[in-house]
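*Asks:* Below is the structure I would like to discuss, written out as structure tokens.
Rule-based calculations on the coordinates, nothing more; no lab input. These numbers come from a predicted model, not from an experiment. Every residue, glycine among them, receives a Cβ derived from its backbone with ideal geometry; neighbour counts consider all protein chains shown.
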Amino acid sequence: MPERLVPLGELVSTHGLEGWLKLKPYNPQSTLLYSAKEVVLERNGIRSRHYLERSKVHQQNALVKLRGTEEINHAEKLIGAVLSVAEDTLQPLEPGEFYYYQVVGFDVLDTHGEWIGKVARIWFKQGGDLYVVAGASREYLIPAVQEVIEKIDIRARKITINPPAGLLEV
């Protein structure tokens, strides 16, 4: 079985002359990167493993230093890659907890059992995170808040929502 990877963000530019890279994280609140030792970069369908020497927060991004990227010209070759960690390196969760990435692909239904769509991705916003749900003919932005999310069933891979009036028409 192939190794399952958890994508953390995309390498968007270099930082300085000593091989540092700027990572645009998919979830700016996540701390997974800062405990990682080994990361996987994927670009154009090609994966490569790298040892993470250092990482630190920089404004809304993260800066990463990979072993072997000692100069800017080494780092430039990695721009555009998605940086991931192996799923089996994540901290174990308590019963009922889940990592956000796990709900991508879940079916979303309303409280009447009507299918809305599938979670395509999660949009991390300062005002609150949104599940981007791909429906049959359009996308819906569903706030990831207790007032809207009735239930997340990890085993059944489905989310039940109780949308306020007008949410699905926006």
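*Asks:* What label, among (i) 38, 20, 16; (ii) 29, 18, 16; (iii) 34, 17, 14, belongs to semi-axes √(5λ) of the Cα gyration tensor in Å computed from the structure on display?
*Replies:* (iii)
*Asks:* Looking at segment 1-64, which trypsin sites (Lys or Arg not before Pro) are in a loop (DSSP not H, G, I, E or B) and have at most 12 other Cβ atoms within 10 Å?
*Replies:* Qualifying residues, ordered by number: Arg4, Lys37.
*Asks:* Can you give the Rg and Dmax of segment 59-129 based on its C-alpha atoms, in angstrom?
*Replies:* For segment 59-129, the Cα radius of gyration and maximum Cα-Cα distance read 18.1, 57 Å.
*Asks:* For segment 105-160, what is the Kirkwood hydrodynamic radius in Å, using each pair of distinct C-alpha atoms?
*Replies:* So the Kirkwood estimate lands at 11.3 Å.
*Asks:* Something else: Which of the trypsin sites (Lys or Arg not before Pro) found in segment 89-147 are loop residues per DSSP with 16 or fewer other Cβ atoms within 10 Å of their Cβ?
*Replies:* Those that pass, being in a loop and sparsely packed, are Lys125, Arg138.
*Asks:* Net charge near Ile79, counting Lys/Arg +1 and Asp/Glu -1 over other residues with Cβ under 10 Å of its Cβ?
*Replies:* Counting the neighbours of Ile79, the net charge comes to +1.
*Asks:* What pairs in Lys56/Lys158; Lys65/Lys151; Lys22/Lys125; Lys65/Lys125 have C-alpha atoms more than 31 Å from each other?
*Replies:* Over 31 Å Cα-Cα: Lys56/Lys158; Lys65/Lys151.
*Asks:* Alpha carbon centre of segment 1-56 versus segment 132-150: separation in Å?
*Replies:* 28
*Asks:* Using only helices, what value at 222 nm comes out for the chain when you add -39,500 (n - 2.57) per DSSP H run of length 4 or more and divide by the total residues, to the nearest 500 deg cm²/dmol?
*Replies:* After summing the helix terms and dividing by the residues of the chain, the value is -1000 deg cm²/dmol.
*Asks:* OK, next. In whole angstrom, how long is each semi-axis of the equivalent ellipsoid of segment 2-66, when you take the square root of 5 times every eigenvalue of its Cα gyration tensor and sort them from largest down?
*Replies:* Semi-axes, largest first: 18, 14, 12 Å.
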